[in-house]
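Reviewing the structure listed below.
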Amino acid sequence: MSPQLTLQTPLELPPSEIPAYLEQLWAKDQPTSQGAHTFCLLVWQPAWVEQQLVRTGRINGPITGVQRDEVITAARQVVRDSDLPLTTPPLTASVGQALGNLNGDEQAEDLRGQHVDASVSTLRPRRLITLAPSLDESHPLETLVAAYCPLPEEGGGTAACGDVVVLRGGHAALTQGLTILQPLLPEDLPSWVWWNGSLDEAPELLERLAIAPRRLIFDSALGQPHHCLNLLRERIEAGQSVNDLNWLRLRGWRETLAMVFDPPQRRNALGHVVQLDIDVEGEHPVQGLLLAAWIADRLGWELGSSEPESNGVITAAFSRSDGASVKMRVAPVSMGQPSIHPGQIVGMRLICQPDHQPAACVILCAESGGCMRLEAGGMASMELIEEVVPVQHSPVEADVARLLEGGHDTTTPLLAAAAPLAAKLLH
């Protein structure tokens, strides 16, 4: 289903009047009051590339903050027109910076925060609060509020309604406007913070938004790899509930690898791994490191040493429980049309050498290819097992909805174990 607009025109109010307005909106003595008792979602939604594409006239408005095909296609064209490396993911900061150097002053309606994706609205959130930073740093704070109800076909029966609050303005104005947030987040409802942007931007604002016990959703593929992994590790070690969209996209790789070793005759080989190679798109190794860390944790390996190399390759040496050594390598691969998510895994190879049995080579590759490259290097004498990992093309809003629907108030144990080890691998 396509995203939907709020079902009434948002009302612009002074920040100080919003809490009282919302309290009256859902007052128990209102005969139409059916406010959902579910959760609150606080969203940082800069949509820098989309804003710049509209400003330069490369796409038409309105600005929605949704990663729609029109935005992705236009951003890929900017990569080519600006002589950026063809391996540049289309929605990253470098594309926004290239657009920022171009002339243009086109204006469009800004519907960020009012454009509610169907996958989220079906969960019937009580309150959606969107922080929508403007390209214009001097833009004063605007605060909008509107009631929202899911459309009847989304679930039938009596709709449990909610509301949306939008804070729009320059960075300084938004920072000042944060004081109104706490009264808008009921203590009896769980609150989630979705940082829908790079983890490098506005760190002090992220620090103020993502306070415990709020549950945090972000994407460790967006931002400098060291910072992404350190933030992930720090938040997990502090006991906060952390949900990483980059980790969520690893599910197919983890499940496929587990199925390969599910037959009883192959399970023994897991205790005899000698080499792990992972190829990732471009220069962002975080997803590859998370997968390597998950494998190492599940198999009980101890990290001996790790070393980033000048060509972007990361190598490490582990010790198995029997004392034997395992070599790990995460390497960048150039892709002509990369994913919108930086650093997605292209392929992986696991070499096992069981005692008194033929060596086995397990190769998993993405639908975009990668198997043949990993077959090189003395594989002829080994049992070769190859599988293609289905790529999930779900929109980011659908992935966020999956996390919200799960409702976990703690970090998944597998991620909690893998993240600190992945951070060590990069140092």
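The values are calculated or read from the model by the stated rules, or taken from the named source; none is laboratory data. Since this is a predicted model, take the numbers as computed values, not measurements. As a convention, Cβ positions derive from the backbone with ideal geometry for all residues, glycine included, and neighbour counts pool all protein chains shown. To get the accessible areas, we keep the full protein, side chains included, count just its heavy atoms, and leave off ligands, DNA and RNA. Shrake-Rupley method; radii C 1.70, N 1.55, O 1.52, S 1.80 Å.
What the table below lists for this structure:
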quantity: Looking only at the range 90-134, and only at residues there that are open to solvent by 60 Å² or more (accessible area, probe 1.4 Å) and either assigned to a strand (DSSP E or B) or among the hydrophobic types (A, V, I, L, M, F, W, C) (or both), the one that is nearest to residue 210 (Cα to Cα); calculated: 93
quantity: Residue list for the range 305-319, restricted to those being at pLDDT 95 or above and not β-branched (Val, Ile, Thr); calculated: 316, 317, 318, 319
quantity: Residues of the range 251-270 satisfying the condition of being of a type in the set (Asp, Glu) and part of a helix (DSSP H, G or I); calculated: 255
quantity: Qualifying residues in the range 62-89 (those that are small (Gly, Ala, Ser) and either open to solvent by 40 Å² or more (accessible area, probe 1.4 Å) or in a helix (DSSP H, G or I) (or both)) - the one farthest from residue 221 (Cα to Cα); calculated: 82
quantity: In the range 293-335, the residues that are touching a His at 6+ places or on another chain (Cβ under 9 Å) and small (Gly, Ala, Ser); calculated: 306, 324
quantity: Search result, residues across the range 305-328 that are open to solvent by 70 Å² or more (accessible area, probe 1.4 Å) and in contact with a helix residue (DSSP H, G or I) (Cβ under 9 Å, 6 or more places away or on another chain); calculated: 321, 322
quantity: Conditions (1) hydrophobic (A, V, I, L, M, F, W, C); (2) open to solvent by 30 Å² or more (accessible area, probe 1.4 Å); (3) assigned to a loop (DSSP other than H, G, I, E, B); (4) more than 29 Å from residue 340 (Cβ to Cβ): number failed by residue 172; calculated: (3)
quantity: Subset of the range 329-344 that is open to solvent by 10 Å² or more (accessible area, probe 1.4 Å) and outside any loop (DSSP other than H, G, I, E, B) - its residue that is nearest to residue 254 (Cα to Cα); calculated: 329
quantity: Odd one out for residue 355 among (1) charged (D, E, K, R); (2) in contact (Cβ under 8 Å) with a residue 40 or more places away in the chain; (3) surrounded by 15 or more Cβ atoms within 10 Å (Cβ to Cβ); calculated: (3)
quantity: Unique residue being open to solvent by 10 Å² or more (accessible area, probe 1.4 Å), more than 30 Å from residue 192 (Cα to Cα) and of a type outside the set (Asp, Glu) when the list is 363, 385; calculated: 385
quantity: Cβ pairs under 8 Å, 6+ apart, first in the range 245-273 and more than 16 Å from residue 293 (Cβ to Cβ), second among the basic types (Lys, Arg) and modelled with pLDDT under 90; calculated: 260/266; 261/267
quantity: Selection within the range 35-61 - part of a loop (DSSP other than H, G, I, E, B) and under 29 Å from residue 185 (Cβ atoms); calculated: 36, 37, 38, 39, 45, 46, 47
